[in-house]
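The values are calculated or read from the model by the stated rules, or taken from the named source; none is laboratory data. Note that this is a predicted model, so its numbers are computed, not measured. FYI the Cβ positions are ideal-geometry reconstructions off the backbone, even for glycines, and counts take in every protein chain you see. These area figures cover heavy atoms from the full protein model, side chains too; ligands, DNA and RNA do not enter into them. Shrake-Rupley method; radii C 1.70, N 1.55, O 1.52, S 1.80 Å.
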Amino acid sequence: MRLTLHIWRQKAPTARGGKGDFEKYEVNDVSEHMSFLEMLDVLNERLETEGKDPIAFEHDCREGICGSCGFVINGSAHGPVPRTTVCQLHMRSFKDGDELVLEPWRARAFPILRDLIVDRSSFDRIIQAGGYVSTNTGSAPEANSVPVTKDSADRAMDAAACIGCGACVAMCPNASASLFTAAKVAHLNLLPQGQPERLIRTEKMVLQMDAEGFGHCTNHGDCSAVCPKGISVINIAQMNREYIEATLFSSPREGDTGDGA
Amino acid sequence: MNFLLSFWRSTVGAKVVVAVTGLILLGFTLFHMIGNLQVFLGADEMNTYGAFLHKPEILWAGRAVVFGSIGLHIVAQAKLVAATAIARPTGYRKWNAKASTIYSRTMKYTGPIILIFFVLHLLNLTTGAEFGFYVHPEPYLQDGNVPRAFENLTSLLGNPLWATFYIVANLALASHLWHGAFSMTKTLGLSGVRQLRLARVIASVFTLTVTGGNIAITTACVLHLVK
């Protein structure tokens, strides 16, 4: 099949004042069995033989589990197929003569590094703020000594499926990172190991999310609809509830300065 | 008090303020609609009700709650909108809605429409300002200092232009509540799947009841069905 691509090209990072624009590419001989990234690989090989800069895009496992890849195809994060990362999207989802617009995630907290690659360190800093459990290491406890209900285990596992790709932020009309943050909060807060730090974790991660310059959540639901792992918005409601509990209904914690820092 | 300041400054905290004040205002819209249905009972019932609401302690307690809620609702939301306005400096060339609705995406427009309506509504029917074809009924007051609610309302809404504006404002309110009345449950932490499904139904029924009642009153007045 033949495709016309309009791809965002940007040489310098946004953080260093880089500006970009769309460039048009015609791609012929696209096999329907190619993944979307393989189609771009073929285009890049051609660009390189022509002495041009290949299109920069992030990728790693190409199995839909690492969370590296992702860009917006015709207004949909990761393209038109639900619950699919762009590396697992195949060209059979498109038809001959399609015209596709490829854009990077657009958010202030995700500054563009080059072409379709954005800097998602803001996600890392949200995790650093509280997305962990502190445990004293020693010999592993007896596996059955810490009971976990099936319901909690299931919901924690669903939340833990988040691969941090950033599609939620990309599709949110407010560029909010609530779904990502809520998934990470819920994943740990639902499990016994996460209980000691449950409230301080929620508070710190929410404040870090705000500090990174993401927008606020207005419960549109576009985030969950494009999430390749189908993370549910009920996690956001849970995060809201625990944030309310942490700030309004809990006693000051040791070493807590009261500003959530 | 640091914790309150921290709560207010956070996006989740400010949203909770919007949700709680929104919940109070939902109560007000329902109360206001049901009260005004008395227009169908006739002038005496409506004016007696108006006089009852004008008891100073009821009037000022009610006003404090409603004005306070509206003020906080707007200030908290304005703060959020201002911060979010810069969260995506470059927009998309193409963007497709996946789950969001026209109702959810127009909250920041339907809100101001409702505010404008609210201000004009108060000017006409509370302060008694005469403008835009609206002329007081004579006599304007009953029992000394209470406006004659029934004659006021039917006189204003007897005008097709005002009636149209009131209906448009109620459609904006319907759109605002359709999203807002459901969204607030998630903001306040309702996370059960079954409970949220129920909340969606309640929010929808509530929205249609309140705005449907208001539009029925307006329609009855403009068609001179109530006398």
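Observations, loosely collected:
- From the alpha carbon centroid of the stretch B:1-76 to that of the stretch A:188-223 is 31 Å.
- Here the stretch B:98-113 and the stretch A:82-148 have alpha carbon centers that stand 28 Å from each other.
- When the solvent-accessible area of the protein assembly as shown is split by element, carbon and sulfur atoms take up 61 percent of it, the probe being 1.4 Å.
- With all protein chains kept in place, the per residue accessible area of chain A amounts to 44 square angstrom at a probe of 1.4 angstrom.
- In chain B, the DSSP-assigned H stretches of four residues or longer account for a calculated mean residue ellipticity at 222 nm of -24500 deg cm²/dmol, using -39500 (n - 2.57) per stretch and the full residue count as denominator.
- Largest-first principal axis extents of the Cα set of the stretch B:1-68 (Å): 52, 23, 10
- When both bridge partners sit in the protein assembly as shown, DSSP labels roughly 75% of those beta bridges antiparallel.
- Sequence-distant aspartates and glutamates (8 or more away, or on other chains) whose Cα lies within less than 19 Å of B:K186: A:D158, A:E203, A:D210, A:D222, A:E242, A:E245
- Shielded by partner chains, the stretch B:1-18 residues - at least 50 Å² of accessible area, 1.4 Å probe, vs chain alone: B:F3, B:S6, B:F7, B:T11, B:V12, B:K15
- Accessible area in the full protein assembly, largest first, 1.4 Å probe, for B:I167, A:I65: A:I65, B:I167
- Extents of the protein assembly as shown, taken as max minus min of Cα coordinates on every principal axis and listed largest first, are 89, 60, 41 Å.
- Orientation-averaged projected area, Cα convex hull of the stretch A:21-136 (nm²): 9.3
- Convex hull of Cα atoms in chain B, direction-averaged projection (nm²): 15.7
- In angstrom, the C-alpha Rg and Dmax of chain A are 20.7, 65.
- Shielding value for A:195-207 is 1, the average number of Cβ atoms from other chains within 10 Å of each residue's Cβ.
- Every helix of 4 or more DSSP H residues in chain A counts as -39500 (n - 2.57), and over all residues that averages to -10000 deg cm²/dmol at 222 nm.
- Inter-chain Cβ neighbour average for residues B:99-109, partner chain, 10 Å: 3
- Cβ charges +1 (Lys, Arg) and -1 (Asp, Glu), total dipole of the stretch A:122-248, debye: 60
- Relative contact order for chain A, counting Cα pairs under 8 Å that sit 6 or more residues apart, in percent: 19
- Accessible surface buried by the B/A pair amounts to about 3800 Å², both sides summed, 1.4 Å probe.
- Sequence ranges A:177-186, A:237-246, ranked by mean other-Cβ count within 10 angstrom, highest first: A:177-186, A:237-246
- Tensor-based shape of the stretch A:122-248 (alpha-carbon gyration tensor, a/c under 1.5 rounded, otherwise prolate or oblate): prolate
- The solvent-accessible area of B:E45, taken with every protein chain present and a 1.4 Å probe, is close to 80 Å².
- The mean number of Cβ atoms from other chains found within 10 Å of a Cβ in peptide A:232-238 is 5, as a whole number.
- Here, the stretch B:99-161 yields an orientationally averaged convex hull projection of 5.6 nm² when only Cα atoms define the hull.
- Accessible surface, 1.4 Å probe, highest first, among residues B:W178, B:W162: B:W178, B:W162
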